[in-house]
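The values are calculated or read from the model by the stated rules, or taken from the named source; none is laboratory data. Every value quoted in this text rests on a predicted model; they were computed, and no experiment measured them. For neighbour counting, all protein chains shown are included, and Cβ atoms are generated from backbone atoms with ideal geometry for every residue, glycine included. The protein model used for the area step is the full one, side chains on, heavy atoms only, and it has no ligands, DNA or RNA in it. Shrake-Rupley method; radii C 1.70, N 1.55, O 1.52, S 1.80 Å.
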Amino acid sequence: MVTNPLDYVEPLGKAGASGFTFHVEISKDNWQELVQRIKSKGMRPGVALKPGTSVEEVYPLVEGANPVEMVLVMTVEPGFGGQKFMPEMMDKVRSLRNRYPSLDIEVDGGLGPSTIAEAASAGANCIVAGSSVFGAPEPAHVISLMRKSVEDAQKNS
């Protein structure tokens, strides 16, 4: 999370980033310009919301004339790895999935083999997993298990 995401669009675009996700909490006044700049650099725009932020805050960014293409629901407070998954954030994921059936919905924080099914069944189709993958004896096995959980949830929805 950065305080002025506009400062990072050009350098990340030049570095070859394919996507750029910014926090809604610090971009309320300039998100339209931010999305336009992200797209102009060939990147896919996404918006993140912290646990204490209402899901309704992102609706204008998804429904606008120049919308974001992904919403990231933080399932921990941003800042450091290894935090405990907050299952109450799945209500936000369900709300987004019901309102926007084809939207990419990402979750980040505390995701691993014991929490992935809950996130996937709520409607998350993009998963960020750090500690559970990189701390595992067999990272590829964890990734495979989590991918299957998301694919199974999509088949059943």
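Relative to the current alpha-carbon distance between T3 and I26, full extension at 0.36 nm per residue lengthens the span by 7.6 nm.
Remark: the chain carries 53 Å² of accessible area per residue (probe radius 1.4 Å; ligands, DNA and RNA excluded). All C-alpha pair distances within segment 55-157, sorted into 10 Å bins from zero, spread as 16, 47, 30, 7, 0 percent across the bins. Stretching the chain fully between V128 and E10 yields a gain of 40.1 nm (0.36 nm per residue, less the alpha carbon separation). Whole-Hz Karplus values for segment 21-29 come out as 10, 10, 7, 4, 5, 10, 10, 4, 8 Hz, taken residue by residue from phi with 6.51 cos²θ - 1.76 cosθ + 1.60 and θ = phi - 60°; glycine and proline positions read x. Averaging the Cα positions of each part gives two centres, and for segment 63-108 and segment 1-56 these lie 15 Å apart. Once the Cα atoms are used to define both axes, helix 90-99 deviates from the longest principal axis of the chain by about 60 degrees.
In this label model, Q36 and I143 are separated by 3.8 nm, measuring between points 7 Å along each Cα→Cβ vector.
Label reach from S102 (point 7 Å along Cα→C-beta): in segment 62-82, amide nitrogens under 20 Å belong to 62-72.
Amide H contacts of H23: V2, A48, each under 5 Å away and 5 or more positions distant or on a separate chain (H built 1.01 Å from N in the peptide plane; Pro and chain starts excluded).
Taking the convex hull of the Cα atoms, report for segment 1-54 its projected area averaged over all directions, in nm². Average of the hull's projected areas for segment 1-54 equals 3.6 nm².
For the chain, the longest principal axis of the Cα atoms and the long axis of helix 6-15 meet at an angle of about 70 degrees.
Applying 0.36 nm per residue to the separation of A17 and E77 and subtracting their alpha-carbon distance, the gain on full extension is 19.2 nm.
Packing here is the average count of other Cβ atoms within 10 Å per residue, and on that basis the peptides 125-138, 3-16, highest first, run 125-138, 3-16.
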